[in-house]
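What follows is a single structure, written as structure tokens, with notes after it.
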Amino acid sequence: MEEEFAQLSRNAARDFRAEGWAGFIGEQRSVDLRYRGQGYELNVPLSRAVIAEFHAAHAQRYGYSHPEREVELVTLRLRGTVRSAQAKIAARAEAAPTGPGATRYRTRLGKGCTTENSPMVFDGKQIETAIYERDRLKVGIRYRGPAVIAEYSATTVVPPGARFWHDRAGNLNIEWK
């Protein structure tokens, strides 16, 4: 197993250097394990106690473990990282507002009607819920749920009482206490 990880390490170093990355390459080793005959694996960080950690992870994930059963090693994984001054997160461009309710998403209800809110059910109660277009959220402004945030590839539901905001890198952050 050590030879295989050494080869993965050499491959990672070669790939980082080929892409122009310089500096120390940090490594995290892990393995995918399963009980013999199972059709699914769990990824566990490689350590001296990896088998015991697998049993504990299995019990946590599935509610049981079988320490008496044989464990199979399915996959070796190596994650390489390089710290570099050249890595910078680009700031997200502000969306240009087009009117007083520009951050809200307007849904067409028919015959020209639009709405910025829609009733949604949370904990069995119907609550007016704001609907936002994600790319129109203003950077750093903290919005309050309930809300639905629509974008081209996903829809995010924010429950009542939660806060959400876009950061400069374009991440959608949700804080729910």
Within segment 25-66, residues β-branched (Val, Ile, Thr) and in contact with a Gly (Cβ under 6 Å, 6 or more places away or on another chain) come out as Ile25
Just wondering, is there one or more residues in segment 62-73 that are within 20 Å of Arg83 (Cβ to Cβ) and assigned to a strand (DSSP E or B)?
-> no
Ala154, sole failed condition from (1) among the hydrophobic types (A, V, I, L, M, F, W, C); (2) under 15 Å from Ser118 (Cβ atoms); (3) under 15 Å from the mean Cα position of the chain (by Cα) | (2)
When segment 38-61 is examined, which residues are found to be among the charged types (D, E, K, R) and assigned to a loop (DSSP other than H, G, I, E, B)?
-> Glu41, Arg48
Those residues of segment 152-177 which are assigned by TED's automatic domain parsing to the domain that holds Pro119, of a type outside the set (A, V, I, L, M, F, W, C) and under 22 Å from Val121 (Cβ atoms), in sequence order = Thr155, Thr156, Pro159, Pro160, Gly161, Arg163
Identify all residues within segment 1-37 that are surrounded by 12 or more Cβ atoms within 10 Å (Cβ to Cβ), hydrophobic (A, V, I, L, M, F, W, C) and assigned to a helix (DSSP H, G or I); write none if there are none.
-> Phe5, Leu8, Ala12, Ala13, Phe16
Per-region count, segment 151-173, residues surrounded by 15 or more Cβ atoms within 10 Å (Cβ to Cβ) and not in a loop (DSSP other than H, G, I, E, B) = 6
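The values are calculated or read from the model by the stated rules, or taken from the named source; none is laboratory data. Just so it is clear, the model here is predicted, and its values are computed rather than measured. Reconstructed Cβ throughout: ideal geometry from the backbone, glycine too, with neighbour counts over all protein chains shown.
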